[in-house]
Amino acid sequence: MSDRHLIDLNVNGETHEALVEPRKTLLDVLRHDLGLTGTHVGCEHGVCGACTVLVDGEPVRACLMFAVQAESAEIRTVESLGRDGELSDLQRSFSEHHGLQCGFCTPGFLMLAEGFLAQRPDAGREEIREAVSANLCRCTGYQTIVDAIEATATRRCHAKEKEATA
């Protein structure tokens, strides 16, 4: 009996084949097998959120999910946010509002926010504050992270309204 499984993972719109042990986490496959190092290793217990990715649009701790569990899912990492070397609107907002300092937790916050805004595009400040409480940051005090997400939500809502009236 083989102790490895050949799996196909859809990551950032591309299919990748990986030969993995059943106990190998999605985090390890993303970083070590696929070379997507934007997803950070933090506590490895699902507490800090540094490894947050989107799995079928939902924020998930990649350190708590086995890679074999993600085989039929659409996975997005922080590398999926920008296009052609340009930052996404959310990434720009984090920069403009100083929503990062050391940057270690930033990829997890970006993916948490991206998933949250997809579900709650018109979220208010308190809802955003509640959502970001799921991740840990030791530098910013969260205020600037909330500011960045709120600004992105506002911009996206205005763009959608403008598009609807055009």
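FYI, it's all coordinate maths here, none of it is from the lab. Just so we're clear, the structure is a prediction, and the values are computed from it rather than from any experiment. Counting neighbours? That spans all protein chains shown, and the Cβs are built from the backbone with ideal geometry, glycine included.
Applying 0.36 nm per residue to the separation of Glu58 and Ser72 and subtracting their alpha-carbon distance, the gain on full extension is 3.6 nm. For the range 5-80, a crude dipole built from +1 on the beta carbon of Lys and Arg and -1 on the beta carbon of Asp and Glu, taken about the Cα centre, is about 280 debye to the nearest 20. Among rounded, prolate and oblate, which fits the range 89-165 when a ≥ b ≥ c are the square roots of the eigenvalues of its C-alpha gyration tensor, a/c under 1.5 means rounded, and a/b larger than b/c means prolate? Prolate.
3J(HN,Hα) couplings calculated from phi for the range 53-69 with the Karplus curve 6.51 cos²θ - 1.76 cosθ + 1.60 (θ = phi - 60°) are, in sequence order, 10, 9, 10, 6, x, 9, x, 9, 7, 5, 6, 9, 10, 6, 4, 5, 6 Hz; Gly and Pro show x.
Looking at the range 20-107, the trypsin sites (Lys or Arg not before Pro) that sit in a DSSP loop and have at most 13 other Cβ atoms within 10 Å of their own Cβ are Arg23.
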